[in-house]
Structures are given as structure tokens and as C-alpha cells.
Amino acid sequence: MPSGYKVLIADDHPLFRGALKQALAGIGDVATILEAGDFDSAKASVAGAEDMDLVLLDLAMPGAAGLSGLISLRGINATVPLVVVSAHDDPATIRRSLELGASGFISKSASMEDIRRAVETVLDGGVSAPAGIDLGVERDPDISDLINRLQSLTPQQTRVLGMLAEGLLNKQIAYELGVSEATIKAHVSAVLHKLGVDSRTQAVILLSRIGADPL
């Protein structure tokens, strides 16, 4: 593996961030470890560091809103590998995390060795999921359809959807992304069309389904 990896640990529990740092310390190629204790800080770190190599994301941290937090971060930077770290390690949560773009999933009950192995697998370009768990298939047709629709969004459309969920107006989104308000209106229209809804409110409600279920 190349040397000098930069990793972000996004978790609101200082003790668990410390445990993850300890696990990463056993990987000689990790040179820089950043920390975020809330989702706003995590988003700022991902947006401000183009050389980020890996994000370890707690789904339940303040502001993350479950799997919708994963979707938001993927919209900000679709190229950086993202590993979900969660105490909610049921097959549905793991499967949906991977389907929505995570490169791996680590249970908060995993051993130091399992954490290191998962991180090394993802840094090597692979996908890591807890061993010995049958992830099964999606049994809720509505959730399955929603995941397919979310997968069809471009990174920019995904980012716009995340900002809509935060309650930002078109002009605020345009300012944040450095584009015209007309461009944002076009993105919003495309998002609504792909999600099969008629309004921003309906889009946010739809996104909240993947955020709240199954956590």
C-alpha cells in the first residue's frame, strides 16, 4: 500500500474515537488521523480535504440521521472510500450501507484486529463487511425502489438532496456550491424527477425513510 494515508474518524463518542485511533495506529501506512465529533464537522472535513483517503462514519452521530448521513457525505465527495461504523449491525443496515455507496461496514463490537483488517481491505481498494453474516435481500419493496432511485443520482444531485434535507434554500445551495441559482433549480428538478416526487418536501420525507429505517 502507498504510504501517508489520511483518515477521518467521525464519531461523537471520544472514547470510541480513541479506540479507532488505537486500531489505526497499528496500520503503519496511516500518517494523518482527523477527528469529527458531529456531522457538520465531518462534512466540513470531507469537503475541505481533497486528499482524504478514508472516512470512518458513525451513523448515529448528531446530525447524521442514519443512512441519509452516508448519502450526504457521498454527495460531497464520491471518490473517498467511506466505512460505516455502527452499533446497529443487523444484516439490513449493513446491506443498505453497502448498496448506498459505503466501501465497508465495521460493527462497534468488532475486535481491534477486525477493525484493522477492514480498514486495510478498503485502503487496498476492496469492500469489507463483517464475516459470517448473511446480508440477505431487501424485503421492503418501497425501500428497494428508493435505494435504486438514490443510486441513479449523480454526485452533485446527491449533494443537493442532502442540502435540501438540511432545509437550505436554492440560493443558499447555489452559494455553497459556487454555481448559479438556475443551475440549482435544474438539479432540484432532476432530483425530484428521479425520486418520483413532486416537491422538495416529499423528497426530504422520502430521504428520511432511509435515514430512520432500520436504525
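The values are calculated or read from the model by the stated rules, or taken from the named source; none is laboratory data. Bear in mind that the values here come from a model prediction, so they are computed numbers and not experimental data. Note that each Cβ is placed from the backbone with ideal geometry, even for glycine, and that neighbours are counted across all protein chains shown. The area values use the complete protein model at the heavy-atom level, side chains included, leaving out ligands, DNA and RNA. Shrake-Rupley method; radii C 1.70, N 1.55, O 1.52, S 1.80 Å.
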Counting only Cα, what are the radius of gyration and maximum Cα-Cα distance Dmax of region 49-118, in Å? 11.6, 32
Specify, per residue and in Å³, the volume enclosed by the convex hull of the alpha carbon atoms belonging to region 135-188. 97 Å³
Inter-part gap, Cα centre of region 1-31 to Cα centre of region 154-184, in whole angstrom, is 31 Å
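For region 107-208, take N as its residue count and report Rg(C-alpha) divided by 2.2 N^0.38 Å.
Ratio of Rg to 2.2 N^0.38 Å for region 107-208: 1.41.
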Compute and list, largest first, the equivalent-ellipsoid semi-axes of region 20-85 from the alpha carbon gyration tensor, each √(5λ) rounded to a whole angstrom. 19, 14, 10
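What do you reckon, how do SER107, SER189 stack up by accessible area (1.4 Å probe), largest on top? All intermediate terms of the calculation are to be shown ahead of the outcome.
On the way: SER107 15, SER189 75 Å².
Listed by decreasing accessible area, they come as SER189, SER107.
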Using a Cα-Cα cut-off of under 16 Å, which aspartates and glutamates could be cross-linked to LYS6, ignoring same-chain neighbours fewer than 8 residues away? ASP29, GLU35, GLU50, ASP51, ASP53, GLU120, ASP124
Rank by packing, highest mean first: peptides 94-106, 122-134, with packing defined as the count of other Cβ atoms within 10 Å averaged across residues. 94-106, 122-134
Computed from every Cα-Cα pair in the chain, P(r) in 10 Å bins starting at 0 and rounded to whole percents is 8, 36, 35, 17, 4, 0
